[in-house]
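Input: a single structure, listed below in structure tokens.
The values are calculated or read from the model by the stated rules, or taken from the named source; none is laboratory data. Here the structure is a predicted model, which is why all the values come from computation and not from measurement. In this analysis, Cβ positions are derived from the backbone assuming ideal geometry, glycine residues included, and neighbour counts consider all displayed protein chains. The protein model used for the area step is the full one, side chains on, heavy atoms only, and it has no ligands, DNA or RNA in it. Shrake-Rupley method; radii C 1.70, N 1.55, O 1.52, S 1.80 Å.
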Amino acid sequence: MTHQSSPAEQAAALVTNPNLYDSLVDEYDTELEFYSTLRNDAQKSLETFEEYVRLRSVFLNRGPTEAIRSRIEDRLDRSLKNMVLNKSPRGRAYAVDTLTELEGRRQTFMRLNVEVPRLMAVVQTTIEHLYDDVSSPTDVRQPCESLLEATPANQRGAIEYLSRVRLTEQLLASDSPQSDINTVALQYLENISFPNVDTEMTAAEYQRAAEERSPTDPDKQRLYEAALHADPSSARVSDYLYFTASNLIEDYRHGGDNITRAELIVAQRQLQAVAHINPETWDQTKQAYAESYRHIADAIEAGGGRWFSTHASNLPPEWWSVAEAYVKAAQAIDAVDMVRAIKYLSKSVRHAAHATDDWKIRKHLHRTAWATFDRFDSTGVAENPEQSRSVEEIETAIAGTRSVHQCRECEASAHVAFEAGDYETVHTASDRAQSAAEQSPQEYIHFRELEAIETIATARQAEQRGEYETALKQYQQFDSEESHLQSGAAYHAQLCEIKQAVNNDRHNDALRIAHQEFNSESIIVIATEASCGVLRTDFDDSSELTVTDQFLSINTDAVSTLSVILRLLQTGGTTTQLLQQQAAACLQNL
């Protein structure tokens, strides 16, 4: 559509005179198109951020308020991030340098009466994109340093987080972290006020008090931080970086669902920094835990699980990377904590099973896993002087791990049986999986489509017994969020209707359904035609009958038998009742 003036000119005019809205919107197909077009070009004519926000205010007041509000809220954290990183035309036009300026942008957006993300959320969005986009860690430090040049009041959490990122990257960049640590620690403390703790103590006393607190106690981090303020030494910095990183990982492992990918990335970097510092006060046990946590953080990020990403969509899981990271985590810690090593090895096997995407391989993988754990020498391991776990603790871990892998083996057995058309075994293996899950130490085990294949197996069994109405009812009532299961059940229902029609000598109905629902070259159509006495002149010895992946489970032996019957039918030239009945029997057994 041709406009009398440019979108940039219209944006400026609308800010000056909101009453122009009705005349300008007529030049666009929709009000949302009007909004998007002017917003995209606003920076060309609106010199100040205040004018830009006023433009949005006009659309909120004059346009489709809820739709505009949704558009603004959906992109607001990324819009603010772009102002820090100069990543978009509007980001460059309305750029900010400091955290104080960024907070000012937030406050201005709040005047629009829209939901505005917390400053911490904006900072984390910025950090995540920085780590993904930059070519070197230096490119992470520089924006952090700029933002920290001026900081707003009452935003200690965001300031501390950003200061910790800078501290971590400074240590990682140092060729001599032990020599530089006091300088960078003091720089960190310049931006952070002393934490709110009840009693004034020495650094050692703060440290002991922190170690005595539960990981879920918010005072624990404040006490570690107080110890760092009281003594900004290599040991205190290492302990603080280790605690904040490991505590986040433990929170995630125990079900925490408010964790961002940005936090995971920073935790990984913190643990790398601790390894780079190599604090002299740390013993082998603490070093082993730190290295193990670093690999667990890698695994969690690669798994694409419950963590929240500020990208448009979460990254897909990389199961092999997860499996390899858990193996490394187990190797790092087995000498000092075999219980954790056993759990991590178990996780590695389970994620490798995800990566294979083959139920037969998964079945044997889990079987060999629990069989291997059965032969584990708990006594020999516990006798190692560095080992912190007793024989009883190790054996308890093995028993729990064994039940998990037995559970997964039974689950895989059910899927293998389903693919082979052994529906009775599907039910037996499923029952065993459920029983093993009850013995597992895990609070909840999520089965992959197990209930769904049991339902389909029950319907297939009814179909094989000739109880077509029962089978059809189960197919039609089947409901799954997985599209391939839902469509597969629908195809099975159509096949069941064809079988029922052939069985009741309603050949016209059977042929109609077959030709309507399936491709003319489908084995379903060919088998239906043969069952109804219709011969194909173009079928020869070289014709191969195959089943498409439309179906969830099919009898391949019946497919092979049908090809023989069709050859015999063609040889005779005319159908015989016996061969036609054999073709119908093959159809019923599909």
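Just give me the residues in the range 99-109 being of a type in the set (Val, Ile, Thr) and under 13 Å from residue 155 (Cα atoms), in sequence order. Give the derivation first.
Here is the first cut: in the range 99-109, the residues of a type in the set (Val, Ile, Thr) are 100, 108.
Scanning the range 99-109 gives a single hit, 100.
Here's a check for you: in the range 16-31, which residue that is of a type in the set (D, E, K, R) and assigned to a helix (DSSP H, G or I) is surrounded by the most Cβ atoms within 10 Å (Cβ to Cβ)? Let's see the steps before the verdict.
Step one: filter the range 16-31 for residues of a type in the set (D, E, K, R), giving 22, 26-27, 29, 31.
Now narrow it down to the ones that are assigned to a helix (DSSP H, G or I): 22, 31.
Values: 22: 8, 31: 16.
By that ranking, first place goes to 31.
Output the residue which, of all residues in the range 330-360 that are touching a residue at least 12 places away in the same chain (Cβ under 8 Å) and polar (S, T, N, Q), is farthest from residue 378 (Cα to Cα).
Per the stated criteria, the residue is 348.
Going through 561, 546 one at a time, which residue ends up being open to solvent by 30 Å² or more (accessible area, probe 1.4 Å), at pLDDT 80 or above and within 27 Å of residue 422 (Cα to Cα)?
Details: 546 fails: at pLDDT 80 or above.
On inspection, the qualifying residue turns out to be 561.
Restricting attention to the range 226-274, and to residues there that are free of Cβ contacts under 8 Å to residues at least 60 places away in the same chain and touching a strand residue (DSSP E or B) at 6+ places or on another chain (Cβ under 9 Å), which single residue is least open to solvent (accessible area, probe 1.4 Å)? Steps first, answer last, please.
Narrowing the range 226-274 to residues free of Cβ contacts under 8 Å to residues at least 60 places away in the same chain: 226-236, 238-240, 242-243, 245-259, 264, 267-268, 271, 274.
Remaining after also requiring touching a strand residue (DSSP E or B) at 6+ places or on another chain (Cβ under 9 Å): 257-259.
On the way: 257: 101, 258: 138, 259: 5 Å².
Among those that are free of Cβ contacts under 8 Å to residues at least 60 places away in the same chain and touching a strand residue (DSSP E or B) at 6+ places or on another chain (Cβ under 9 Å), it is 259.
With of a type in the set (D, E, K, R) and at pLDDT below 90 as the only criterion, which of 409, 451 stands out?
Values: 409 fails: at pLDDT below 90.
Answer to the selection: 451.
Run down 149, 190 and say which single residue is exposed (fewer than 13 other Cβ atoms within 10 Å of the Cβ) and not in a helix (DSSP H, G or I).
Answer to the check: 149.
Has the range 398-412 got any residue that is open to solvent by 30 Å² or more (accessible area, probe 1.4 Å) and closer than 21 Å to residue 336 by Cα? Walk me through how you get there before you give the answer.
Here is the first cut: in the range 398-412, the residues open to solvent by 30 Å² or more (accessible area, probe 1.4 Å) are 399, 402, 406, 408.
Subset that is closer than 21 Å to residue 336 by Cα: 399.
Looking through the range 398-412, at least one residue is open to solvent by 30 Å² or more (accessible area, probe 1.4 Å) and closer than 21 Å to residue 336 by Cα.
Restricting attention to the range 485-537, which residues are under 16 Å from residue 471 (Cβ atoms) and of a type in the set (Ser, Thr, Tyr)?
Scanning the range 485-537 gives a single hit, 491.
Taking only the range 348-390 into account, find how many residues are crowded, with 17+ Cβ neighbours inside 10 Å and among the β-branched types (Val, Ile, Thr).
2
All but one of (1) without any contact (Cβ under 8 Å) to a residue 60 or more places away in the chain; (2) surrounded by fewer than 20 Cβ atoms within 10 Å (Cβ to Cβ); (3) assigned to a helix (DSSP H, G or I) hold for residue 207; state the number of the condition that does not hold.
(2) is the only condition that residue 207 fails.
Could you identify the single residue in 468, 475, 423 that is of a type in the set (Phe, Trp, Tyr) and either at pLDDT below 90 or touching a Gly at 6+ places or on another chain (Cβ under 8 Å) (or both)? Step through it out loud before you land on a result.
Details: 468 fails: either at pLDDT below 90 or touching a Gly at 6+ places or on another chain (Cβ under 8 Å) (or both); 423 fails: either at pLDDT below 90 or touching a Gly at 6+ places or on another chain (Cβ under 8 Å) (or both).
The conditions single out 475.
If we keep just the residues of the range 193-203 that are open to solvent by less than 40 Å² (accessible area, probe 1.4 Å) and more than 36 Å from the chain's Cα centre (by Cα), which is farthest from residue 151 (Cα to Cα)? Walk me through how you get there before you give the answer.
Within the range 193-203, the subset open to solvent by less than 40 Å² (accessible area, probe 1.4 Å) is 195, 197, 203.
From what is left, the residues that are more than 36 Å from the chain's Cα centre (by Cα) are 197, 203.
Working: 197: 22, 203: 27 Å.
For the range 193-203, the residue satisfying everything is 203.
Checking the condition under 27 Å from residue 131 (Cα atoms) and either among the acidic types (Asp, Glu) or surrounded by 16 or more Cβ atoms within 10 Å (Cβ to Cβ) (or both), which residue from 167, 223 passes? Write out each step before concluding.
Numbers: 223 fails: under 27 Å from residue 131 (Cα atoms).
Of 167, 223, the one residue that is under 27 Å from residue 131 (Cα atoms) and either among the acidic types (Asp, Glu) or surrounded by 16 or more Cβ atoms within 10 Å (Cβ to Cβ) (or both) is 167.
From the residues in the range 99-122 that are in a helix (DSSP H, G or I) and of a type in the set (D, E, K, R), which one is most open to solvent (accessible area, probe 1.4 Å)?
Filtering the range 99-122 down to residues in a helix (DSSP H, G or I) leaves 99-110, 119-122.
Still in the list and also of a type in the set (D, E, K, R): 101, 103, 105-106.
Working: 101: 82, 103: 20, 105: 48, 106: 20 Å².
Among residues in the range 99-122 that are in a helix (DSSP H, G or I) and of a type in the set (D, E, K, R), the one most open to solvent (accessible area, probe 1.4 Å) is 101.
Let's see how each residue does on (1) farther than 22 Å from residue 283 by Cα; (2) of a type in the set (Gly, Ala, Ser):
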| position | (1), (2) |
| --- | --- |
| 179 | no, yes |
| 187 | yes, no |
| 199 | yes, no |
| 206 | no, no |
| 215 | no, no |
| 230 | yes, yes |
| 235 | no, yes |
| 239 | no, no |
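Only one of these conditions is not met by residue 474: (1) under 20 Å from residue 350 (Cβ atoms); (2) in contact (Cβ under 8 Å) with a residue 12 or more places away in the chain. Which number is it?
Residue 474 satisfies every listed condition except (1).
Of all helices (runs of 4 or more DSSP H) completely enclosed by the range 438-536, which ones contain at least 2 residues that are under 20 Å from residue 427 (Cβ atoms) and open to solvent by 60 Å² or more (accessible area, probe 1.4 Å)? Show your work before the answer.
Numbers: elements: 450-464, 468-477, 483-503, 507-517, 523-531.
In the range 438-536, the matching helices (runs of 4 or more DSSP H) lie at 450-464, 468-477.
Just for the range 62-98: of the residues that are in contact with a Ser or Thr (Cβ under 6 Å, 6 or more places away or on another chain) and of a type in the set (Asp, Glu), which one is least open to solvent (accessible area, probe 1.4 Å)? It would help to see each step written out before you state the result.
As a first pass, look at the range 62-98 and keep what is in contact with a Ser or Thr (Cβ under 6 Å, 6 or more places away or on another chain): 77, 81-82, 84, 97.
Okay, now just the ones that are also of a type in the set (Asp, Glu), so 77, 97.
Numbers: 77: 28, 97: 94 Å².
Result: 77.
Is at least one residue of the range 58-70 under 28 Å from residue 129 (Cβ atoms) and of a type in the set (Gly, Ala, Ser)?
Yes - at least one qualifying residue is present in the range 58-70.
Would a scan of the range 10-32 turn up a residue that is of a type in the set (A, V, I, L, M) and within 30 Å of residue 151 (Cα to Cα)? Before you say what the answer is, go through the steps one by one.
Taking the range 10-32 as the starting set, the residues that turn out to be of a type in the set (A, V, I, L, M) are 11-15, 20, 24-25, 32.
If we keep only those that are within 30 Å of residue 151 (Cα to Cα) as well, we get none.
No, the range 10-32 contains no residue that is of a type in the set (A, V, I, L, M) and within 30 Å of residue 151 (Cα to Cα).
Tell me yes or no: at least one residue of the range 331-347 is more than 24 Å from residue 250 (Cα to Cα), in a helix (DSSP H, G or I) and of a type in the set (Gly, Ala, Ser). Steps first, answer last, please.
To start, the set of residues in the range 331-347 that are more than 24 Å from residue 250 (Cα to Cα) comprises none.
Looking through the range 331-347, none of the residues is more than 24 Å from residue 250 (Cα to Cα), in a helix (DSSP H, G or I) and of a type in the set (Gly, Ala, Ser).
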